[in-house]
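Peer 1: Before I ask anything, here is the structure I am working with.
The values are calculated or read from the model by the stated rules, or taken from the named source; none is laboratory data. Just so you know, these numbers come straight off a predicted model, no measurement behind them. For neighbour counting, all protein chains shown are included, and Cβ atoms are generated from backbone atoms with ideal geometry for every residue, glycine included.
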Amino acid sequence: MKISKKYFLPLLLILIVCLSVSAISAADNSSAVINSPVDNSSSTYDVPVTASNTNNILSEDTHSTYSVNNTQSVDEIQNTITNAADGDTIDFAHGDYVFDQTGLNVNHNLTIIGNNATIKILTGTSDSINGFNIEEEGAGSTITGFNLIFTNDNGTNENGCGINIVSTSHVTVNDTNFINGKYGVLSTSSNNITIANSTFTGIAVIVAKNGKEVGTKSVSFMSTSDSTVVNSYFYEDVLDGISIASNSRNNSFINNTFLRNEYGIFFGGGVTYTDIINNTFINCTAMSISNAKSQTTRNIKGNTFYILIGNYTSKSGIFSDGLRPAIYINIGNTAHGSASKLANFTIDSNKFIAEYTDDSNPEDKAIAVQIESNGGGLEPSNNSYFNVTNNIVGNNVNLLTFVDLEANNSTVVISDPVAKPERINTTIISSDFKQIATDFYAGERGGYFKVTLKDVNGNVLANKPVSIGFNGVVYKLVTDENGVAKLQINLAYAGDYTFATAFLGDDEYAGFFAVNKITIVKKVSYLTLTGNTPAKVNVYKTLKITLTAQSATNPLKKIAVANKKVTVTVNGVTYTGTTNAQGVATVKIKINKAGTYTITTRFAGNPTYGATQTTSKIVVRN
């Protein structure tokens, strides 16, 4: 299958920066709903978001919630965390925060809720600034709902970690977006760490110090055990989606997507007992899974690998050529310690699909699994096994390739013994989408983003699975009888979002990818003021303010805006009211001198509603 250059567009750099926390609830087989609030539906990994025990809210150990905002300094926020107690919640107001000298140390078992706040970490102003540091006293903590962005990077991101976890346990990172930095999440000498529903992107640089590859390691497990990475996205130009080394054991990587990373998962030395299950690896420019340093106890099952064939230059300038295997195993590698033998490998029920660039050689075949020997036999060590079973490979994929690096690179190829028919190419028809912000909590619902799946002959494809990736969540849909799948867009925050739509293909049809921009604009708000008939000096006058705004689906229709503060300023005094369910607020004013006065009525706006103000006159008589 030929892959056009457009499939290599950056998918989610805009997406991750500052947009909305979202979730999905099932509507029917061909549609789904994107909401601004989190609903912990079946498409996301269920993680705790509060440490409070709601069954004992009247007991003596009731936990507290402390609010912080971006008008506070980092030191002030740190004081709030330091003075909290185990089980408390730290609630960040939505907005941009700047960490230019230091990050935050979590020294209690806390739930830290970001509300989609963006933390900008200024690398280059200080060495090794981390967004959050969680050590032993922070065991049991949860961090959820942040955007962690490293800025002023020096091109190699030598410093900086989004969340640094050291010598602790039972820490959860959920629904958080990471951009750049040396690490997104670094876990060292820890156990029972969960990373879920999160998105990672960064940079990768081949030419660097001492000839080593450097760049962002999105998740790094060092001496970490019994931990999980689940339902997360690793996008574009990270060096390693997941890096695991230093005797880490009993870890699981489940249902993640690795898109055009240098290495999807990279194993260092001494790693044992790792499950890699139901992940998708798409066009990783080096290898999807590299076992160059460690070859012991892997369960690689139910994954889908799209293997890039042909020349490709990433957006950070990395050039990839030749044939890179999906799963790479190197025996006898002593670069970082003594070599280990092959032991207890299972590669079962995976799909391997070749993807050709426009300038690739159609005679080339992709490699599913390649085993190289730097010395010594390829056979598994005593009482162990190496099983490659029940895998599905295309016509243009070699299942197993053995290379003896000490015998003039002699190669033995084992191809898939079952011939597969040529698959029919497909296309996804979709367009960029623009909508007014949706006030979901007020009962408002938005419009639908629709995609149509067709084959190259224009025939619609019904009952096919289509996945749409957005904000670290995969929305799994099925096309209807017209080949259409749709998402209801109920996003409250204005901004640009990126949706990546994928049909992963099947035995009959080849896969296809499409990218679209979803633009959400603030509602236009309207204020009217009544009751400003002539008033008497020193007698209270009631003014009525009505706040309305555009409907999400019909900009000509006005809807009432409830529970919003409005202000009325007259004669230098400001009065505040809150709108009711009908969008109406009242304030009482009193003026002590006759004359004609200007009334200024304001609504400050928020990420959903635009700000507005209006002026009126009132006459005050003796």
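Peer 1: Can you pull out the residues in region 483-528 that are of a type in the set (K, R) and more than 25 Å from Q613 (Cα to Cα)?
Peer 2: If the condition is that a residue be of a type in the set (K, R) and more than 25 Å from Q613 (Cα to Cα), then K486, K517 are the ones that fit.
Peer 1: Sticking with this one: Are there any pairs, at least 6 apart or on different chains, whose C-beta atoms fall under 9 Å, with the first in region 141-163 and under 12 Å from V185 (Cα atoms) and surrounded by 19 or more Cβ atoms within 10 Å (Cβ to Cβ) and the second of a type in the set (S, T, Y) and at pLDDT below 80, and if so, which?
Peer 2: G160/T123; G160/S128; C161/S128
Peer 1: Something else now. Of T576, T586, which residue is over 27 Å from N116 (Cα atoms), without any contact (Cβ under 8 Å) to a residue 24 or more places away in the chain and either assigned by TED's automatic domain parsing to the domain that holds A442 or hydroxyl-bearing (S, T, Y) (or both)?
Peer 2: Going through T576, T586 in turn, the sole match is T576.
Peer 1: If I ask for residues that are of a type in the set (F, W, Y), surrounded by 24 or more Cβ atoms within 10 Å (Cβ to Cβ) and closer than 22 Å to T389 by Cβ, which ones from region 252-308 would you list?
Peer 2: Answer for region 252-308, where residues must be of a type in the set (F, W, Y), surrounded by 24 or more Cβ atoms within 10 Å (Cβ to Cβ) and closer than 22 Å to T389 by Cβ: F253, F267, F281, F305, Y306.
Peer 1: Please pick out the residue among A552, A514, A562 that is buried (at least 20 other Cβ atoms within 10 Å of the Cβ) and part of a loop (DSSP other than H, G, I, E, B).
Peer 2: A552
Peer 1: Quick check: is even one residue across region 420-438 at pLDDT below 85 and of a type in the set (V, I, T)?
Peer 2: No, region 420-438 has no match at all.
Peer 1: As an exercise: evaluate S128 against (1) surrounded by 15 or more Cβ atoms within 10 Å (Cβ to Cβ); (2) under 16 Å from G184 (Cα atoms) and give the number of the one condition it does not meet.
Peer 2: (1)
Peer 1: Next question. Output the residues belonging to region 337-379 that are of a type in the set (G, A, S), assigned to a loop (DSSP other than H, G, I, E, B) and modelled with pLDDT under 85.
Peer 2: G337, S338, A339, S340, S360, G375, G376, G377
Peer 1: In region 495-512, what count of residues is obtained for those that are of a type outside the set (D, E, K, R) and more than 18 Å from the chain's Cα centre (by Cα)?
Peer 2: Residues that pass the stated criteria total 7.
Peer 1: Looking at this structure, is I113 within 24 Å of S167 (Cβ to Cβ) and not in a loop (DSSP other than H, G, I, E, B)?
Peer 2: no
Peer 1: Another question, then. Out of curiosity, is A492 outside the structural domain of Y306 (by TED's automatic domain parsing), buried (at least 23 other Cβ atoms within 10 Å of the Cβ), outside any strand (DSSP E or B) and in contact with a Phe, Trp or Tyr (Cβ under 7 Å, 6 or more places away or on another chain)?
Peer 2: So A492 passes the test.
Peer 1: Continuing with this model, one more query. Quick one: count up the residues across region 448-480 that are over 23 Å from the mean Cα position of the chain (by Cα) and outside any strand (DSSP E or B).
Peer 2: So the count comes out to 10.
Peer 1: Also, I was wondering about something else. With (1) under 21 Å from T553 (Cα atoms); (2) touching a Lys or Arg at 6+ places or on another chain (Cβ under 8 Å) as the list, and V460 as the residue in question, which single condition is left unmet?
Peer 2: Only one criterion is unmet by V460, namely (1).
Peer 1: In region 601-616, which residues are in contact with a strand residue (DSSP E or B) (Cβ under 9 Å, 6 or more places away or on another chain) and farther than 10 Å from L529 by Cα?
Peer 2: If the condition is that a residue be in contact with a strand residue (DSSP E or B) (Cβ under 9 Å, 6 or more places away or on another chain) and farther than 10 Å from L529 by Cα, then R602, F603, A604, G605, P607, T608, Y609, G610, A611, T612, Q613 are the ones that fit.
Peer 1: From the set of residues in region 573-600 that are within 26 Å of P534 (Cβ to Cβ) and of a type in the set (A, V, I, L, M), which is farthest from the chain's Cα centre (by Cα)?
Peer 2: Result: A594.
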